[in-house]
Amino acid sequence: MGFLEGKNIVLGVTGSVAAFKAAEIASLLVKEGAEVRAVMTREAEEFIAPLTLKTLTRRPVVRSLWDENAPWKPEHIALAEWADLLLVAPATAHVVACFAHGLAPDALTCAYLATRVPVVIAPAMNDAMFAHPATQANLETLRERGNIVVEPAEGRLACGVSGKGRLADPAEIVGRVADILG
């Protein structure tokens, strides 16, 4: 029995090159007994195929607000009601800004606004983007609202520079989720 047995986790994946690490995060969550539903932004699909997350979670991936085959309740509302925790990993500067300002252009941001359970946000982006005052202000706003931010790691980034912006280690992210739901 895993330490997340019986817990329902929505895993939001955004359009960062670190999106490939969402597969490891999903795998670790499932290994620890969690039921995982993934929701992806359109931009995330440029980096990782929905089929990967569907296979690892054994559940359909929510990719749009406009799924005509969805049950009567909109998927973003159903996800928010089902979840014990919303984890967004990786979280881009764009999605962080949407969350902070209440913008809801896609299924993930709509689910976020409808969520009344703990939210864990793991940013991943270029170091300059992460350090930008707007991004820092948005993250501070989210913290003030009770969201938990897993700080990005320092190291070599996809753009070729070294700095703070790498997605935190998947095991660290899952450990934080376990601490919250523990």
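The values are calculated or read from the model by the stated rules, or taken from the named source; none is laboratory data. In this text, all values refer to a predicted model and were calculated from it rather than measured experimentally. For neighbour counting, all protein chains shown are included, and Cβ atoms are generated from backbone atoms with ideal geometry for every residue, glycine included. Protein only, heavy atoms only, side chains kept; ligands, DNA and RNA dropped before computing areas. Shrake-Rupley method; radii C 1.70, N 1.55, O 1.52, S 1.80 Å.
Just for the stretch 111-125: of the residues that are among the hydrophobic types (A, V, I, L, M, F, W, C) and farther than 15 Å from residue 135 by Cα, which one is surrounded by the most Cβ atoms within 10 Å (Cβ to Cβ)? Result: 111.
So, residue 108, is that one closer than 20 Å to residue 35 by Cβ, modelled with pLDDT under 95 and open to solvent by less than 10 Å² (accessible area, probe 1.4 Å) or not? Spelling it out, it is not the case that residue 108 is closer than 20 Å to residue 35 by Cβ, modelled with pLDDT under 95 and open to solvent by less than 10 Å² (accessible area, probe 1.4 Å). With respect to the conditions (1) over 24 Å from residue 151 (Cα atoms); (2) open to solvent by 10 Å² or more (accessible area, probe 1.4 Å), residue 102 lacks only one, and its number is (1). Across the stretch 81-99, the qualifying residues are those that are surrounded by fewer than 21 Cβ atoms within 10 Å (Cβ to Cβ) and free of Cβ contacts under 8 Å to residues at least 60 places away in the same chain, and the one among them that is nearest to residue 144 (Cα to Cα) is 97. Among the helices (runs of 4 or more DSSP H) confined to the stretch 77-182, the ones with at least 2 residues that are more than 21 Å from residue 16 (Cα to Cα) and touching a Leu at 6+ places or on another chain (Cβ under 8 Å) are located at 170-181. Of all the residues in the stretch 44-58, those that are of a type in the set (Lys, Arg) and either under 14 Å from residue 22 (Cβ atoms) or surrounded by 15 or more Cβ atoms within 10 Å (Cβ to Cβ) (or both) number 1. If you go through the stretch 127-147, how many residues are within 16 Å of the chain's Cα centre (by Cα), surrounded by 14 or more Cβ atoms within 10 Å (Cβ to Cβ) and not polar (S, T, N, Q)? Of the residues in that region, 2 qualify.
Restricting attention to the stretch 148-165 and to residues that are buried (at least 20 other Cβ atoms within 10 Å of the Cβ) and at pLDDT 95 or above, the residue that is nearest to residue 99 (Cα to Cα) turns out to be 150.
If you go through the stretch 1-45 and keep only what is part of a helix (DSSP H, G or I), within 23 Å of residue 78 (Cβ to Cβ) and among the β-branched types (Val, Ile, Thr), you end up with 25, 30. Restricting the first member to the stretch 151-169 and to residues that are free of Cβ contacts under 8 Å to residues at least 40 places away in the same chain, and the second to residues that are open to solvent by 80 Å² or more (accessible area, probe 1.4 Å) and assigned to a loop (DSSP other than H, G, I, E, B), the beta-carbon pairs closer than 8 Å and six or more apart or on different chains are 153/169.
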